[in-house]
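The values are calculated or read from the model by the stated rules, or taken from the named source; none is laboratory data. On a predicted model such as this, the values are computed, not experimentally measured, just so you know. A quick note on method: Cβ atoms are made from the backbone with ideal geometry, for glycine too, and the neighbour counts reach across all protein chains shown. Keep in mind that these areas ignore ligands, DNA and RNA; they rest on the heavy atoms of the full protein, side chains included. Shrake-Rupley method; radii C 1.70, N 1.55, O 1.52, S 1.80 Å.
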Amino acid sequence: MLYMIGLGLGDAKDITVKGLEVLRRCSRVYLEAYTSVLTVGKEVLEEFYGRKLILADREEVEQEANNILKDADISDVAFLVVGDPFGATTHSDLILRATKLGIPYRVIHNASIMNAVGCCGLQLYRFGETVSVVFWTDTWRPESFFDKVKKNRQNGMHTLCLLDIKVKEQSLENLINFTLNRGRKIYEPPHYMSVNQAAQQLLEIVQNQRIRGEEPAVTEETLCVGLARVGAEDQKIAAGTLQQMCTVDLGGPLHSLIITGGSLHPLEMEMLSLFSIPENSSESQSIDGL
């Protein structure tokens, strides 16, 4: 059987008892290593789980899934996912591949950013469609996701922005020089988008819309919430304007950003006040409702 096991959001101990029992009896245990990361490394997980883990990067999961599924029809194979197994479509694809091969599967769920984001006090049923904010390059600066933010705002819904992660990625230069490197792939160091970077890109989109004569659904004064390392002991939350999000220090990865839907429930306002950026912040501005 193929077991898809969620690890939660914090550290090694966030796995469920059920998940831990299952992975300890599997013949092979894979750790998905590109859609998210925990606050601890592979070695810490191996020590706590009592098992060796096989790192599965994007290339292996998306292009060489048969290696993961090999012999899963006659033995148990575990595939570990930070958060919940269904937090990324790649994992649904792995299940579909297993089903076509006649391999049964079982999913053991856990907390993900999609529900844990409620820790800031915004009510989960008031969230609209989630969007992804990717790193811009000199030649690729997509703005299409902003239409979803606008639609959510029009409906009074909050938008959860999942921020880009680059793990085991090749730069354009390395791809071009692939032959010169004698077929050896050279990967860039891992890097993770911060709330600051996301806010700066969003503000540039707002400015671009104004230049085009459009009325932006979001402005510099729109109330946002920055979150870092949700589920970890050093979790941080900050509520302030989009402009303030450009400078607030939330520390290391992983970060997420919420663009509020405009009108807030009184309980949401009271909860966000616990995390409001201090008035003496260098970028302090007035925030409606806080």
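Counting only DSSP beta bridges with both residues in the chain, the antiparallel share comes to about 45 percent. Nonpolar atom fraction for the chain, defined as the carbon and sulfur part of the 1.4 Å probe accessible area, stands at 51 percent. Computed over the range 93-168, the quotient of the alpha carbon radius of gyration and 2.2 N^0.38 Å is 1.49.
3J(HN,Hα) along the range 71-78: 6, 5, 7, 10, 8, 9, 10, 10 Hz, from the Karplus curve 6.51 cos²θ - 1.76 cosθ + 1.60 with θ = phi - 60°, whole Hz, x for Gly and Pro. Paramagnetic label reach from ILE211 (point 7 Å along Cα→Cβ; backbone nitrogen cut-off under 13 Å): within the range 128-151, residues 141.
If a/c stays under 1.5 just call it rounded; otherwise compare a/b with b/c (prolate if a/b is bigger, oblate if not). Do that for the range 10-96, with a ≥ b ≥ c from the square roots of the Cα gyration tensor eigenvalues. Oblate shape, in that a/c is at least 1.5 and b/c is the bigger or equal ratio. Taking every alpha-carbon pair in the range 52-132 and binning the separations at 10 Å intervals from zero gives 15, 43, 26, 15, 2 percent.
Counting only protein heavy atoms and a 1.4 Å probe, the chain has 51 square angstrom of accessible area per residue. Each 10 Å bin, from zero up to the one with the longest distance, holds this percent of the alpha carbon pairs of the range 215-275: 21, 52, 25, 2, 0. Spin-label model, THR90 to GLU59: label points 7 Å out along the Cα-to-beta-carbon direction sit 1.3 nm apart. Normalised size of the chain, defined as Cα radius of gyration per 2.2 N^0.38 Å with N residues, equals 1.10. Please list, or write none, the lysines whose alpha carbon is within less than 23 Å of the alpha carbon of LYS18, excluding same-chain residues fewer than 8 places away. Within reach: LYS42, LYS52.
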